[in-house]
1. Given the conditions (1) more than 24 Å from residue 42 (Cβ to Cβ); (2) of a type outside the set (Asp, Glu); (3) more than 15 Å from the chain's Cα centre (by Cα), which single one is not true for residue 89?
2. Does any residue in the range 114-130 that is under 19 Å from residue 70 (Cα atoms) come within less than 9 Å, Cβ to Cβ, of a residue that is among the aromatic types (Phe, Trp, Tyr) and not in a strand (DSSP E or B) six or more places away or on a different chain, and which pairs are these?
3. Which count do you get for residues in the range 86-117 that are acidic (Asp, Glu) and under 22 Å from residue 146 (Cα atoms)?
4. Scan the range 108-129 residue by residue and report those that are part of a strand (DSSP E or B) and either surrounded by 15 or more Cβ atoms within 10 Å (Cβ to Cβ) or among the β-branched types (Val, Ile, Thr) (or both).
5. So in the range 92-107, with the set limited to residues that are under 15 Å from residue 79 (Cβ atoms) and assigned to a loop (DSSP other than H, G, I, E, B), which one is nearest to the chain's Cα centre (by Cα)?
Amino acid sequence: MRRNLSVLVTAIAIAAGIQSFIIPADAHPAAPHHAEAPFYDMERTIEIRGVVTKWAFKNPHPFLYVDVSDDKGTKTEWTVEFVGPVRLAKIGWSSKTFTPGEIVTVNGHPSRAADTHGISSATVARADGKVIPGSGRGNNTPEAVSGR
């Protein structure tokens, strides 16, 4: 009985191992791990300009924190979300891409959540107006910039 159970377990393990090497004929490349539309309003584009307070270059998404002052001088912290760091690192981005204290202008899609200050980046420009390559969408994605 014990030997039969051992043979059965071995057979199942072999079958599972073989199955893991079989690729279905209709296999497709993996899609991004989530869509942005549930979180960001892809129908609207806004622009913010402010001072970088923090740059977190980490998985699964890097985040840029920017203090934006209104007409009365009241500061609001905005959080800017980017595509994954691996994609950005391929075109030269790193933990040193942004420095606290520098001024940036961000164009992107605002958060859908009420009373939040999030934005999904479309472009980020430095104080001199130069757009940072790979910082957004369309012709400014990491792949478009790198030619991949």
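1. Of (1) more than 24 Å from residue 42 (Cβ to Cβ); (2) of a type outside the set (Asp, Glu); (3) more than 15 Å from the chain's Cα centre (by Cα), only one is false for residue 89: (3).
2. Taking only residues 6 or more apart or on different chains, the pairs are 118/39.
3. 0
4. Initial filter on the range 108-129 (part of a strand (DSSP E or B)): 108-111, 118-126.
108, 109, 110, 111, 118, 119, 120, 121, 122, 123, 124, 125 - these are the residues of the range 108-129 that are part of a strand (DSSP E or B) and either surrounded by 15 or more Cβ atoms within 10 Å (Cβ to Cβ) or among the β-branched types (Val, Ile, Thr) (or both).
5. Filtering first and then ranking leaves 98.
A short reminder: the numbers here are calculations on the coordinates, not readings from a lab. Worth saying up front: this structure is predicted, and the values here are computed from it rather than measured. Reconstructed Cβ throughout: ideal geometry from the backbone, glycine too, with neighbour counts over all protein chains shown.
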